[in-house]
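The values are calculated or read from the model by the stated rules, or taken from the named source; none is laboratory data. Only a predicted model underlies this, so the values are computations on that prediction, with no experimental measurement involved. A quick note on method: Cβ atoms are made from the backbone with ideal geometry, for glycine too, and the neighbour counts reach across all protein chains shown. Please note that ligands, DNA and RNA were not included when accessible areas were found on the heavy atoms of the full protein model with its side chains. Shrake-Rupley method; radii C 1.70, N 1.55, O 1.52, S 1.80 Å.
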Amino acid sequence: MTTEPSFRESVDIMFNKAVKLMDLSPGLERKIRVCNSTYTVRFGVRLRGEIHTFTGYRSVHSEHMEPVKGGIRFAMGVEQDEVEALAALMTYKCALVQAPFGGSKGGLRIDPREWDEHEMEQITRRFAYELIKRDLINPSQNVPAPDMGTGEREMAWIVDQYRRMNTTDINAAACVTGKPINAGGIQGRVEATGRGVQYGLQEFFRYDEDKAKANLTGTLKDKRVIVQGLGNVGYHAAKFVSEEDGAKVIAVIERDGAIVNPDGLNIDLLKEHIMMTGGVKDFLSGDYVADGASILEMECDILIPAALEGVINLKNADQIKANLIIEAANGPITSGADEILLNKGVVIIPDMYANAGGVTVSYFEWVKNLSHIRFGRMQRRQEESRHQLLLDELQRLGDDPSITWEMSDDFKTKYLKGADELELVRSGLDDSMRAAYQSMREVWHTRDDVPDLRTAAFLVSIERVAASYLSKGL
Ligand code: NAD
């Protein structure tokens with residue numbers, strides 16, 4: 001292959017590679033692959049004394065389960081092909097982590113850095129209005145979330161806009177996820193995608209057989225990691241693997257270049273520097289490299305592309321030296337590059353799994369909104385009093401002079417504590433990431449015709465989507 005396919009074609013090529021190994025009727029195969037609908041809207045907003053026209057999309061890939069789910073992206077590269085590719089990935093992602101949603105995605109072609117906060121609010125509310133009035137934002141039909149260029153702030157505007165237009169909808173809070181806590185959000189959603197990347201890596205490192213395929217041994221400790229994009233996903237992933245698992249983030253690639261330090265970068269300090277100066281340049285504890293993309297080709301154990309699609313492509317795939325790539329971004333590796341890397345023996349943990357932490361915790365948030373109660377509120381104190389009961393009884397036995405033992409205060413405190421919402425969310429996320437990884441690796445290791453984790457992930461998720469369509473009598 002000499003020319004690079006588009007992002008959507010790239011997803012289709014990988015889908016086709018997997019579906020060839022399955023026994024689906026050609027009709028069902030096509031039905032699953034195609035994108036059901038894409039709505040394009042152009043709307044005007046009066047700003048700075050004149051009317052500006054913006055173009056936005058909401059694409060629904062599959063409605064085998066409803067509501068459909070997927071983020072809203074604010075970026076200049078947003079166009080129909082990209083939104084459709086991302087919506088398709090959402091279908092497979094939700095199926096893989098067993099979040100009960102169809103796949104969707106939205107986008108607005110805008111550079112958020114060009115507008116101030118008040119202007120962004122006007123633009124976001126107007127875009128939300130256009131989608132809400134067509135039920136493309138709706139708690140039971142279509143539930144967006146943050147993606148590149150959007151976050152809690154935009155989700156808060158969207159939910160408020162929905163409430164204004166649906167004043168009697170008791171489930172209004174569930175129309176969008178990734179909201180701030182005070183607007184109906186859930187603890188742990190902001191960190192969720194990066195946290196999921198960490199849990200995914202931890203799970204990978206639990207299996208010697210899997211590590212051997214990537215020529216790696218041991219744990220995450222001291223592994224050399226390169227991260228591209230220190231935004232929501234990249235920042236949390238880099239922070240957690242370095243602070244909690246002892247990995248060394250030896251380089252971070254951002255828009256304005258890369259910063260390299262073989263001893264490991266302090267991620268919080270670097271993030272602070274980026275927030276203050278707008279880039280990585282002039283960060284004191286590391287060497288600056290102006291051609292950031294060249295650092296993707298640097299020697300490392302784990303490469304985490306967490307910025308945008310297509311960054312590893314036919315031009316640079318051959319030069320990549322990482323043993324393991326975990327696709328924190330959606331579509332960072334083109335289908336052509338995927339083949340090259342596979343032939344080189346690089347193990348790729350695919351996007352539909354790697355960044356599924358976001359939609360998993362979004363699922364918890366949606367359930368919380370529909371149940372109108374925070375997780376843990378009913379059982380936390382009851383759990384604590386049962387633990388107390390057990391400790392009291394053990395203590396009573398301990399009072400027997402013939403038995404000599406004592407519980408440490410630390411054990412008592414930890415054992416007594418009932419789980420709060422954040423702990424429950426992390427536990428649910430960890431469980432989901434482990435279960436999904438296990439379902440992929442089982443296919444990867446048991447079928448000789450499945451060469452990689454991506455094909456395995458597609459097989460698992462297409463199987464589930466197909467079963468869902470068939471049970472509907474399609
Ligand atoms: P973000 O906007 O918070 O961060 C993106 C980061 O990438 C920014 O720091 C930006 O400066 C940097 N960047 C942009 N262009 C770059 C370039 N050419 N080279 C290097 N860095 C560049 O976005 P995000 O939410 O972290 O999303 C990143 C990726 O993760 C996207 O592919 C998105 O679809 C995917 N994702 C996000 C979520 C989520 O919950 N936010 C969930 C699933 C997948």
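Within the range 352-451, list the chymotrypsin sites (Phe, Trp or Tyr not before Pro) lying in a DSSP loop whose Cβ has at most 14 other Cβ atoms in a 10 Å radius.
Trp405
Considering all projection directions equally, how large on average is the shadow of the alpha-carbon convex hull of the range 114-162, in square nanometres?
The orientation-averaged projected area of the Cα hull of the range 114-162 comes to 3.3 nm².
Please work out the Cα convex hull volume for the chain and give it in Å³ per residue.
About 182 Å³ per residue, rounded to a whole number.
In square angstrom, rounded to the nearest 10, how much accessible surface does Leu391 have for a 1.4 Å probe?
10
Across the range 1-45, what fraction of all alpha-carbon pairs, as a whole percent, falls in each successive 10 Å bin from zero upward?
Over the range 1-45, the share of Cα pairs per 10 Å bin runs 20, 39, 25, 12, 4, 0 percent.
Rounded to the nearest 0.05, what FRET efficiency do Asp169 and Glu423 have when you use their Cβ-Cβ distance and R0 = 30 Å?
Plugging the Cβ-Cβ distance into 1/(1 + (r/R0)^6) gives 0.45.
Counting alpha carbon pairs within less than 8 Å and at least 6 residues apart, what relative contact order, in whole percent, applies to the chain?
Reported as a whole number, the value is 16 percent.
Once the piece of chain linking Val34 and Ser285 is laid out straight, how much longer is it, given 0.36 nm per residue of separation minus the C-alpha distance between them?
85.5 nm
What accessible surface, in Å², does a 1.4 Å probe find on Thr3, ignoring ligands, DNA and RNA and rounding to the nearest 10?
That residue has around 100 Å² of solvent-accessible surface.
In Å², and per residue, what accessible area does the chain have when probed at 1.4 Å with the other protein chains present? Can you show the working numbers first?
On the way: 20760 Å² over 474 residues.
Here the per-residue accessible area is 44 Å².
Rounded to the nearest 500, what is the 222 nm mean residue ellipticity of the chain from helices alone, with -39500 (n - 2.57) per DSSP H run of 4+ residues and division by all residues? Please report the intermediate quantities before stating the final value.
Numbers: 16 runs with 211 residues, N = 474.
For the chain, the value works out to -14000 deg cm²/dmol.
Under a Cβ-Cβ cut-off of 11 Å, what is the net charge of the residues other than Asn313 that fall near it, where Lys and Arg count +1 and Asp and Glu count -1?
-3
Would you compute, for the Cα atoms of the range 35-185, the largest minus smallest coordinate along each principal axis and list the three values in descending order, in whole Å?
Here the spans come out as 47, 35, 24 Å, largest first.
Using only alpha carbon pairs under 8 Å that are at least six residues apart, calculate the relative contact order of the range 193-292 and give it in whole percent.
23 percent.
Can you compute the charge dipole magnitude of the range 240-320 about its Cα centre, using +1 on each Lys and Arg Cβ and -1 on each Asp and Glu Cβ, nothing else charged? Give it in debye, rounded to the nearest 20.
That gives the range 240-320 a dipole magnitude of about 240 debye.
Take the Cα coordinates of the range 377-418, assign each an equal point scatterer, and use the Debye formula without solvent to give log10 I(q)/I(0) at q = 0.30, 0.34 Å⁻¹.
The calculated log intensity ratios at q = 0.30, 0.34 Å⁻¹ are -1.02, -1.12.
Which far-off residues, 5 or more places away or on another chain, put their amide H under 5 Å from the one on Leu47, with H placed in the peptide plane?
Correct list: His52.
So how far, in whole Å, is the C-alpha centre of the range 255-318 from the one of the range 158-203?
Each part's Cα centre sits 29 Å from the other's.
Ignoring ligands, DNA and RNA, what percent of the accessible area of the range 35-102 is carbon or sulfur (1.4 Å)? Can you show the working numbers first?
Values: 990 of 2270 Å².
On the range 35-102, the fraction of accessible area on carbon and sulfur atoms equals 43 percent.
Highest mean first, what order results for 76-88, 96-108 on Cβ atoms within 10 Å?
96-108, 76-88
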